[in-house]
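The values are calculated or read from the model by the stated rules, or taken from the named source; none is laboratory data. Keep in mind it's a predicted model, so treat the numbers as computed, not measured. Glycine gets a Cβ as well: all are built from the backbone with ideal geometry, and neighbour counts include every protein chain shown. Side chains are part of the model used for accessible areas, which takes the heavy atoms of the whole protein and leaves out ligands, DNA and RNA. Shrake-Rupley method; radii C 1.70, N 1.55, O 1.52, S 1.80 Å.
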Amino acid sequence: MVAVGVREVSSQMGEAWSCRVCGNAQGCAIVLRHPEGVAYDVMKCPSCGVMATRDLPALETINSFYQESYYRGEDGRRFPAPAEAAVAWFRGRRVRDILRRFPGPGTALDVGCGRGLELAALKQRGWQVLGTQLSRTAAAAISRRFGFDVFVGELQEAGFEPSSVDVALLLHVLEHTRDPMKYLRTLHRLLRPGGWLLVEVPHAGCPTAQRF
């Protein structure tokens, strides 16, 4: 499921699309026609307001999006140096927010951990770190760059122990999952009592989303 921010360009209702969040099956509005085909049209649920692609590709297709053409094989970076510096600054701010709420050290799990920057920063502060990544390219780069391994595949396949995690991160990942509630239930099982879950998802109503 991919939630995105777009201007509403259609109010057509009655589309055969069920919301994967609230279960509404009474018809949803098309808010963006995708140029590559109807399967990728963006729909909006009139019941809960979530926006999502009409149909997700097969998991193998999704996985192929995140390999060498998405992350650089040698270091896992995606953007030119100035943009990567900005990414690193934002990741550092997230880590500082985490440490204010949960000083630790403890065990942190980052689902869809990107370049591994948050986990690397926490590891330097004495935390045990766990991560998942769909990208073999990014996982190999994390191992080379930071010296720890992350699981390549879906969270549910990783085999992490129940009640083993103090802090779990789900940063711009939930909107890409086929079954968001399954991910949240899995994380609930993995978190220790009093554990903390940080979720970030796109905000379709923000000015940048409306513009771009």
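Against the numbered list (1) open to solvent by 30 Å² or more (accessible area, probe 1.4 Å); (2) in a helix (DSSP H, G or I); (3) in contact (Cβ under 8 Å) with a residue 24 or more places away in the chain, Trp196 comes up short only at (2). Mind counting the residues in region 163-204 that are in contact with a Leu (Cβ under 6 Å, 6 or more places away or on another chain) and over 17 Å from Cys113 (Cβ atoms)? Of the residues in that region, 2 qualify. The one condition from (1) open to solvent by 60 Å² or more (accessible area, probe 1.4 Å); (2) in a helix (DSSP H, G or I); (3) modelled with pLDDT of 85 or more that Leu187 does not meet is (1). Looking across region 87-114, just one residue is loosely packed, with under 14 Cβ neighbours inside 10 Å and in contact with a Phe, Trp or Tyr (Cβ under 9 Å, 6 or more places away or on another chain), and that is Arg101. Within region 142-184, the set of residues being more than 17 Å from the chain's Cα centre (by Cα) and basic (Lys, Arg) comprises Arg144, Arg145.
For region 25-58, filtered to residues that are part of a helix (DSSP H, G or I) and modelled with pLDDT under 70, the residue that is most open to solvent (accessible area, probe 1.4 Å) is Val38.
Looking at Glu154, Glu161, just one residue is open to solvent by 30 Å² or more (accessible area, probe 1.4 Å) and in contact with a Ser or Thr (Cβ under 9 Å, 6 or more places away or on another chain), and that residue is Glu154. Answer with yes or no whether Gln210 is out of contact with any strand residue (DSSP E or B) (no Cβ under 7 Å at 6 or more places or on another chain), under 21 Å from Trp89 (Cα atoms) and open to solvent by 30 Å² or more (accessible area, probe 1.4 Å). So Gln210 does not fit the description; no.
Going through region 142-179 one residue at a time, which ones are in contact with a Phe, Trp or Tyr (Cβ under 7 Å, 6 or more places away or on another chain), closer than 30 Å to Met43 by Cβ and assigned to a loop (DSSP other than H, G, I, E, B)? Residue satisfying the conditions is Thr177 alone. Close Cβ contacts (under 6 Å, 6 or more residues apart or on different chains) running from residues in region 116-140 that are under 12 Å from Phe151 (Cβ atoms) and charged (D, E, K, R) to residues that are at pLDDT 90 or above and not in a helix (DSSP H, G or I) comprise Arg136/Val152. Selection over region 122-146 of residues that are open to solvent by 20 Å² or more (accessible area, probe 1.4 Å) and either in contact with a Lys or Arg (Cβ under 7 Å, 6 or more places away or on another chain) or of a type in the set (Phe, Trp, Tyr) (or both) gives a count of 2.
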